[in-house]
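Taking it in order: structure first as structure tokens, then the write-up.
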Amino acid sequence: MLIVRSLLFNVAFYANLVLWLILLIPGALVPRRQFMELVKMWARTSVWLLRVIAGTKVVITGQEKIPAGGALVAAKHQSFLETFALLPLLDDPTYILKRELMWIPFFGWYLAKARCVPIDRKAGSLALVQMTARAKEEAQHGRQIIIFPEGTRRPPGAPPAYKYGVAHLYQNLGFPCVPIAMNSGLYWPRRQFIRRPGTVRIEVQDPIAPGLAREEFFKLVQERIETASNRLLEEGRAELGMGPDSRPETSLSKV
């Protein structure tokens, strides 16, 4: 049944994605805030499909810790799930993302409409300057800037590989940073088509006020995300009947 439910979910998920890509065409003409509400509706339908078809619930706690207005949101990144599941959690979110995503037809146009912040990874230090300027502009308009500090999806339990871009943003934005931990990789493993039934837990941590030294912040944000994520991984492994060192990285088909 796991394979069947996973297959059915993936078909429904991508069909729903294509449907919303079409539905959002006229939506591109409305103001950006209204457009983002439509995008959040897509995110909610995707989470609903995951629960109904795959039996995978998404439980988010700590929402009350998110400050009003502009903020830097630093989230653990273990699967594709959090790229959309975080959207309804925030008032006016936008993402730090690699520039190449902006070139994808329709999808890239919508990213531009949402005023996402692209980064050219080949531009070196200039990329940080450009990214910071754009992110600061958006944050000053009350938006929440989502960044995955490790830059890419990491398997559950893998050693942390945080990059200094998150510390650079924190120092230059002047807004609080909200760390977010999760165990999503156990239920939606990266590069696999399997979706395990159970409860994905996403946990908002206490915000880090602006003003810390770069190294102090860099150590603190890792500590908060990793400590909470490791605890959530233990809970998820217990739910799934996995051993403490098991990683859901070797399974059937990949996506």
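Can you tell me which of Y162, Y187, Y170 moves the most in a GNM of the chain? Springs connect C-alpha atoms under 10 Å apart.
Y162
If you take every residue apart from E138 with its C-beta less than 11 Å away from the C-beta of E138, what net charge results, scoring Lys and Arg +1 and Asp and Glu -1?
+3
Please state the relative contact order of the chain as a whole percent: Cα pairs under 8 Å, 6+ residues apart?
So the answer I get is 25 percent.
Would you mind telling me which residue in F35, F106, F193 has the biggest mean-square fluctuation in a Gaussian network model of the chain, where springs connect alpha carbons within a distance under 10 angstrom?
In this elastic network of the chain, the residue with the biggest mean-square fluctuation among F35, F106, F193 is F106.
Any aspartates and glutamates with Cα under 12 Å of the K40 Cα? List them, leaving off those in the same chain fewer than 8 positions away.
Within the straight-line limit of under 12 Å, K40 reaches these aspartates and glutamates: D91, D92.
Given the DSSP H assignment, sum -39500 (n - 2.57) over each helix run of at least 4 residues in the chain and divide by its residue total; what's the result at 222 nm in deg cm²/dmol, nearest 500?
Computed ellipticity for the chain at 222 nm equals -14000 deg cm²/dmol.
Take R32, project a point 7 Å from its Cα along the Cβ direction, then tell me which residues of the stretch 72-116 have their backbone nitrogen under 14 Å from it.
Within reach of a label on R32: 92-96, 110-116.
Would you list K122, K219 from fewest to most Cβ contacts within 10 Å?
K122, K219
Quick check: from the Cα gyration tensor, does the chain come out rounded (a/c under 1.5), prolate or oblate?
Judged from the Cα gyration tensor, the chain comes out oblate (a/c at least 1.5, b/c at or above a/b).
For the stretch 57-240, what is the number of Lys pairs with C-alpha distance below 21 angstrom, counting only pairs 8 or more positions apart or on separate chains?
Lysine pairs meeting the criterion: 14.
Most fluctuating residue of L233, L81, L21 in a GNM of the chain with Cα springs under 10 Å: which is it?
Maximum fluctuation in the GNM of the chain, among the listed residues, is at L21.
Place a +1 charge on the Cβ of each Lys and Arg in the chain and a -1 charge on the Cβ of each Asp and Glu, then give the dipole magnitude about the Cα centre in debye, rounded to the nearest 20.
Roughly 680 debye for the chain.
Does the stretch 69-191 come out rounded, prolate or oblate, given a ≥ b ≥ c as the square roots of the eigenvalues of its C-alpha gyration tensor, rounded meaning a/c under 1.5 and, failing that, prolate meaning a/b above b/c?
Judged from the Cα gyration tensor, the stretch 69-191 comes out rounded (a/c under 1.5).
Using a 10 Å cut-off around each Cβ, can you sort V30, V178 from fewest to most neighbouring Cβ atoms?
V30, V178
Rounded to the nearest 20 Debye, what is the dipole magnitude of the stretch 1-125 about its Cα centre when Lys and Arg each give +1 and Asp and Glu each give -1 at the C-beta?
Roughly 140 debye for the stretch 1-125.
Based on other C-beta atoms within 10 Å, arrange I22, I66 from fewest to most.
By the 10 Å Cβ count, ascending, the order reads I22, I66.
From the square roots a ≥ b ≥ c of the eigenvalues of the alpha-carbon gyration tensor of the stretch 2-99, which class results: rounded (a/c under 1.5), prolate (a/b over b/c), or oblate?
Oblate, since a/c reaches 1.5 and b/c is not below a/b.
No lab work stands behind these numbers, since they all come straight from the coordinates. Computed from a predicted model, the values in this text were never measured in an experiment. Glycine gets a Cβ as well: all are built from the backbone with ideal geometry, and neighbour counts include every protein chain shown.
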